[in-house]
Amino acid sequence: MNNLMNRYNLQRIFFFIFLSVPALISLPQKQSPYELQVTRKPGEYRKQIKLDPDKKMVELRSLIPNLDYDLRYATANNFMHRFMYPSKTAYTFLRKPAAQDLQLVQKELNAKGLGLKIFDAYRPYSVTVKFWELVHDERYVANPAKGSGHNKGIAVDLTIINMKTGEELNMGTGFDNFTDSAHHTFTGLTEAVLQNRVLLKTTMEKYGFKALETEWWHYYLSDGEKYEVLDFEFKKLKRIN
């Protein structure tokens, strides 16, 4: 009797496995938890700008020659303390409308003997993924499941400099300072520092940019939903433009 029962139970197990295997085989492969629709092929990018020329990525110095660059993620002088871009990265990009708006900001500041220094603008999506995998905290880096304004070419990190000396205006904290003192609402600063922040904010907002409330250096265009997330290395993007 025991042998008969054992044989019956084995048959049931094999029958269950037989029915289950096809279903398991047909299950779809699980997607990356933060995969988005990302433009990685030059042909796709060219098709997008053919349909909407405003989607063209503009190298900022090609439009604004006297911009100062301090591309922090091409150095180890950043909050990650490592190179996130190739060390010889010497150019950066924004979408055409953002670049043109930035040109107007620069023109107004130049009239006062001031100008802009760029810390970061376009950021390849793959770098955002690296940030997330190293930090995994939305207070400090963008979640790749959403992408960022930097990936879309509509966000820029910057400050104001004295054009004659090249010195940065005192903004109270350095770039990528993730404390309350970097917030626009923080008032525990000298009047001179607060006025410097107001100058940057009012000038940027005058020409269409919006401020990120927790980072005095970060500005973006508000119509980001119309732009695709891009993932091109800097040299490649320069070449396909």
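Numbers for the structure displayed
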{"read-out": "Out of Tyr219, Tyr227, sole residue that is within 27 Å of Lys47 (Cα to Cα), touching a helix residue (DSSP H, G or I) at 6+ places or on another chain (Cβ under 7 Å) and crowded, with 22+ Cβ neighbours inside 10 Å", "value": "Tyr227"}
{"read-out": "Unmet requirement for Val156, which otherwise passes all of (1) touching a strand residue (DSSP E or B) at 6+ places or on another chain (Cβ under 8 Å); (2) closer than 19 Å to Ile64 by Cβ; (3) part of a helix (DSSP H, G or I)", "value": "(3)"}
{"read-out": "Criterion: closer than 27 Å to Lys226 by Cβ and crowded, with 18+ Cβ neighbours inside 10 Å - qualifying residue of Ala74, Ala155", "value": "Ala155"}
{"read-out": "Of all residues making up region 196-221, the number that are within 14 Å of the chain's Cα centre (by Cα) and not aliphatic (A, V, I, L, M)", "value": "5"}
{"read-out": "Residue pairs meeting the criteria (Cβ under 8 Å; at least 6 apart or on separate chains; first closer than 14 Å to Ile154 by Cα, in region 198-213; second part of a helix (DSSP H, G or I) and of a type in the set (Val, Ile, Thr))", "value": "Met204/Val105; Tyr207/Val105; Phe209/Val105"}
{"read-out": "Residue selected from region 96-142 under the condition assigned to a helix (DSSP H, G or I) and β-branched (Val, Ile, Thr), by the criterion nearest to the chain's Cα centre (by Cα)", "value": "Thr128"}
{"read-out": "Answer residue from region 47-85, given it is among the aliphatic types (A, V, I, L, M) and not in a helix (DSSP H, G or I) and is farthest from Glu167 (Cα to Cα) among those", "value": "Met57"}
{"read-out": "Lys88 of a type outside the set (S, T, N, Q), more than 22 Å from His218 (Cβ to Cβ) and assigned to a loop (DSSP other than H, G, I, E, B)", "value": "yes"}
{"read-out": "Scan of region 79-121 for residues that are of a type in the set (D, E, K, R) and free of Cβ contacts under 8 Å to residues at least 24 places away in the same chain, ordered by number", "value": "Arg82, Lys88, Lys107, Lys112"}
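Laboratory data are not the source of any read-out in this text; all were calculated from the coordinates shown. This is a predicted model, so every value here is computed, not measured. As a convention, Cβ positions derive from the backbone with ideal geometry for all residues, glycine included, and neighbour counts pool all protein chains shown.
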